[in-house]
Amino acid sequence: MKARVWLLGVVAAAVSLAGATSPARADEAKAKPAGPFVVIVGAGKFLDKAIDPRPTADADAKALYDLLTDPKYLGAKPERTRLLLSAPDEKRNGEVATHDAVVKAVEAATSQTAKDDLIVLAFFGRGATAGDKTAFLTADTVFKDRAKTALVFGNDLEPAFKKVKGQKILLLMDVNYKGFKAGDEKVAEPTLTDVDALLFGPEDKEDSVRPQDRLMILSGFISSDPLAKGDMGLFASTVIDALKGAADTPPNNEGYEPDGLVTTDELVKYLEKEIPNQARQIGKTDKEKEIQAVPIGARTSHFVVTKNPTETAKVQKQLDALAALAKAGTVNEELAKEGAVLLSRMPKLKSGQELRKGYQKLADGAIKVEELTAARTEIKEGLKLAAKDAESYARKVTDAAELVTRVYIKPVTAGDLTAAAIKGMYRRIEESLPTDLENALKNPKDLSEEKRTALLADARTRLGKREDLDENKDADVSILMMMASLSDPYTVYFDKETVRKMASALRGRFPGVGIQIRRDAVRDGLLVVTPIKGSPAFKAGIQAGDLITKVIRSVDNETGKPLPTEAQKEFSTKGMKTDDAIAIITGKPATPITLMVDRDGKELTFPLERNWVNVETVLGVKRNESASWEFTIDPKYKIGYIRLTQFTQKTAEDLKAAIEGLKAKGGLNGLVLDLRGNPGGYLTAATNVCEQFVGKTKLVTVKPRPGSGAGRPRTYTGERAGDKTFEVVVLVNGHSASASEIVAACLQDHERATIIGERSYGKGSVQDVAPFEETGGEIKLTIARYYPPSDRNIDKLATKGEPDEEWGVKPDKGFEVKLTREETNELETLMRDLEIITPNGGKKKEVSEEKDKQLKAALAHLRSVLDEKRKNATK
């Protein structure tokens, strides 16, 4: 298979009951959960008058406390609950939300809980950045000294979170990052990366993946304004409704009926629907109407939070009936235990749900034990996986492991990769690894190929047929976890669906109609951010600002064949998620799709034919009337400006055309090549760009692991003469990575360009993206490190990452121009807006040195150099 180089035991007879129950490991059986621990912080009033009150914070905290301590819902014990408010609350034993009190409370939560215990942390109030950290403003915070007096998440709570070992964590954050008087200080919005790292950081080194069963739910995006519903905040009010049982009702509940438990899946589903619905009703401004909850970690969190009392009585009645049958000897111990598990919580898989229905009928007296046993036997027989399917899975995983061992940058063994694949699969589907399998994987390096294959087939057979592992999902999840075990952020596995979604990033083109979309929460539809130049949507006349209201399809997206009569053909975009819309709209080239849009109250219909859409990677100063780019930024000095957004197969060709266009239009004396925010791309695209500027000389050297299957070290050298007729400045920043750094370093080493801006990212490795035909996915592997012409180190991961070490591409001496976080955010927003193709008559955005001090420094330098050359020429 042709690869693309990318920068950036005995088979068991028993089958698990489809997510209903699984064998416990010996060490897990000893753990005794101590029960839930709840910490709720509501800081609505502050001693420092520079901080505005947050009127609903205390009420929100108290209401959530009342819910979670109520036995009907969670029943958290008083000694395992901490309520911290603006003022003491004797009724609830609430204390003042001081910095020290919050730290102490979270410390108690993590130290007094064990594996599988539930921890609920909730913060209601205000926040701000303290340096580059996220801070929660406690009641005793002094705003100007908030780095010391506020709760700085990444610093103050890190010791407590280091004690977390397998607890289930729900973190609710309704924190408004506005509402304070900062004086002359510019306070940037936080990124919350430190809060994310606190909850999901590199805690589990063994699997090297983000921990499961940790969920953070934000009340909205960072820039959102809070919205009140009566005396409470909308977020808290909706969360409380969900946890009281509303989330365990159709259409939010899991399975075929409510089961009396509110899970994180149901909570997220309810909030994602209800908060936007209510915001549209009670919000007064568009910004308020656009509020939506932001869940992080939802895909890997599936734990129970509260009970739904309207259903618990029914469930308990059935459990009591089953217990009575067991006591009478009507059902044996195995059936009694299995039935109790199934009745207590809705199984996630269909086979478990079918079996649950049988136990319900038995408990209700609708069927006899013999009928249940017969149905149970039939279900279990249907779950047995054919030997050929288990062997096929084992072969796929083995092939992936062999590919990694052959070419990966570091030596790894197939045994270690096999162990990671098996453990990772069980972990991802939340099944305990059987003790005998765990023991067999204790010394994986010593496993022969025959033993590895047998273990893989055995591990897969035990799990049986199940929808979360069918259609290559078993191999997908195993290979994904195998790659994660390498602790390499650039070595990953993409399943077939991800490959489809990432086509534009991987190849610079994708099949579809060519529009960027986002949800419009106010109008409950899909907003066209911009059509892509040259795409079917662009040619048909779809415009930025159009609201897609309906999608109509007549053929299958992948095959292009007509849809069967019973298939859904029309899709309203009300409530539709962006990912779902993309899946419906994109499809095989030359196939039809129809979009209905609302444009200023007028309904328009656009019949389109999908085609390959090329992503623009060479951008200029502004778009002209035909939506093409203008590249001249200073006509007087004849200076051009070109921004490369990534390195695809067409980038070098389009760059050359842009430079030739500049020369033909009015001449070119200087060029600003903007690589800021460019994450990289193809190695060959980078070398082709380098060649255009430096010509027949050394460009970059790629060095694989000695003895690996990735080949020998190779030095790339230009084959054509470079264009050196104009001066060049290259702009870089901390998001310029990989291929961007190859270009910047090459031009810097050959003194072909002046580097201005900020130190680059420091990704000095080369990845090979290889199609994995067995699953339709792709494997991206780090196969080498690259070195610029001077042979200096670029790779930050090869160092400790300290500022004084050699990594990344530094601006030339005297040309470092740092931006504040606020300036960086403004620049990123401008760069996104520049790509929008505005309708005729609309105001077009353009690059401006007055709004970009790094660009201003680049132009000042070029003008100075050109002035000096002009002076010398006249002497």
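The values are calculated or read from the model by the stated rules, or taken from the named source; none is laboratory data. Given the structure is predicted, the values throughout are model-derived calculations rather than measurements. For neighbour counting, all protein chains shown are included, and Cβ atoms are generated from backbone atoms with ideal geometry for every residue, glycine included. SASA here: full protein model, heavy atoms, side chains in, ligands and nucleic acids out. Shrake-Rupley method; radii C 1.70, N 1.55, O 1.52, S 1.80 Å.
Brief remarks follow.
- Among residues that are hydrophobic (A, V, I, L, M, F, W, C), surrounded by fewer than 20 Cβ atoms within 10 Å (Cβ to Cβ) and touching a strand residue (DSSP E or B) at 6+ places or on another chain (Cβ under 6 Å), Val555 is included.
- Some residue of region 710-726 being under 17 Å from Leu644 (Cα atoms) and not polar (S, T, N, Q): no
- Qualifying residue in region 596-619 (condition: among the β-branched types (Val, Ile, Thr), buried (at least 19 other Cβ atoms within 10 Å of the Cβ) and farther than 26 Å from Gln646 by Cα): yes
- Selected residue (only one of Ser572, Ser535 is among the hydroxyl-bearing types (Ser, Thr, Tyr) and surrounded by fewer than 19 Cβ atoms within 10 Å (Cβ to Cβ)): Ser572
- Members of region 791-833 found to be part of a loop (DSSP other than H, G, I, E, B) and among the charged types (D, E, K, R), listed by number: Asp791, Arg792, Asp795, Lys800, Glu802, Asp804, Glu805, Glu806, Lys810, Asp812, Lys813, Lys818
- Meets criteria (part of a loop (DSSP other than H, G, I, E, B), open to solvent by 40 Å² or more (accessible area, probe 1.4 Å) and under 30 Å from Gln292 (Cα atoms)) for Gly587: no
- Strands (runs of 3 or more DSSP E) fully within region 83-185 counting 3 or more residues that are under 20 Å from Lys62 (Cβ atoms) and out of contact with any His (no Cβ under 8 Å at 6 or more places or on another chain): 118-130, 168-176
- Selection from region 664-673 of residues that are surrounded by 15 or more Cβ atoms within 10 Å (Cβ to Cβ) and more than 11 Å from Ile639 (Cβ to Cβ): Leu673
- Sole exception among (1) touching a Gly at 6+ places or on another chain (Cβ under 6 Å); (2) small (Gly, Ala, Ser); (3) assigned to a helix (DSSP H, G or I) for Ala745, by number: (1)
- Members of region 90-112 that are in contact with a Pro (Cβ under 8 Å, 6 or more places away or on another chain) and open to solvent by 20 Å² or more (accessible area, probe 1.4 Å): Asn93, Glu95, Val96, Glu107
- One residue alone among Ala147, Ala135, Ala128 is within 24 Å of Arg54 (Cβ to Cβ), open to solvent by 50 Å² or more (accessible area, probe 1.4 Å) and within 32 Å of the chain's Cα centre (by Cα), and that residue is Ala147.
- Residue under evaluation Val407, criteria (1) in contact with a Pro (Cβ under 9 Å, 6 or more places away or on another chain); (2) under 11 Å from Thr453 (Cα atoms), criterion not met: (2)
- Taken together, the criteria exclude Leu797 from residues that are touching a Phe, Trp or Tyr at 6+ places or on another chain (Cβ under 6 Å), surrounded by 16 or more Cβ atoms within 10 Å (Cβ to Cβ) and either within 30 Å of Leu469 (Cα to Cα) or not charged (D, E, K, R) (or both).
- Within region 431-451, the set of residues being open to solvent by 30 Å² or more (accessible area, probe 1.4 Å), assigned to a loop (DSSP other than H, G, I, E, B) and of a type in the set (Asp, Glu) is empty.
- Of all residues in region 452-474, those that are under 21 Å from Glu497 (Cβ atoms) have Cβ atoms under 7 Å from Cβ atoms of residues that are of a type in the set (D, E, K, R) and open to solvent by less than 10 Å² (accessible area, probe 1.4 Å), 6 or more apart or on another chain, in Asp474/Arg460.
- Filtered by the rule that a residue be open to solvent by less than 30 Å² (accessible area, probe 1.4 Å) and under 20 Å from the mean Cα position of the chain (by Cα), region 468-485 gives Asp476, Val477, Ser478, Ile479, Met481, Met482, Met483, Ala484.
- The residue that is least open to solvent (accessible area, probe 1.4 Å), among those in region 52-79 that are of a type in the set (Asp, Glu) and in a helix (DSSP H, G or I), is Asp60.
- If you go through region 631-658 and keep only what is surrounded by fewer than 21 Cβ atoms within 10 Å (Cβ to Cβ) and more than 30 Å from Pro511 (Cβ to Cβ), you end up with Thr632, Asp634, Pro635, Lys636, Tyr637, Lys638.
- Qualifying residue in region 487-504 (condition: modelled with pLDDT of 90 or more, surrounded by fewer than 23 Cβ atoms within 10 Å (Cβ to Cβ) and among the hydroxyl-bearing types (Ser, Thr, Tyr)): yes
- Single residue of region 800-831 satisfying the filter (of a type in the set (Lys, Arg) and surrounded by 14 or more Cβ atoms within 10 Å (Cβ to Cβ)) that is modelled with the lowest pLDDT: Arg821
- Scanning region 563-582 for residues that are in a loop (DSSP other than H, G, I, E, B), on the phi < 0 side of the Ramachandran plot and not acidic (Asp, Glu) gives Leu563, Pro564, Thr565, Ala567, Gln568, Lys569, Thr573, Lys574, Met576, Lys577.
- Just one of the listed residues (Thr687, Thr715, Thr648) is in contact with a Gly (Cβ under 7 Å, 6 or more places away or on another chain) and of a type in the set (S, T, N, Q), and it is Thr648.
- Listing of helices (runs of 4 or more DSSP H) fully contained in region 269-353 that carry 3 or more residues being charged (D, E, K, R) and more than 24 Å from Ile217 (Cα to Cα): 309-327, 333-344
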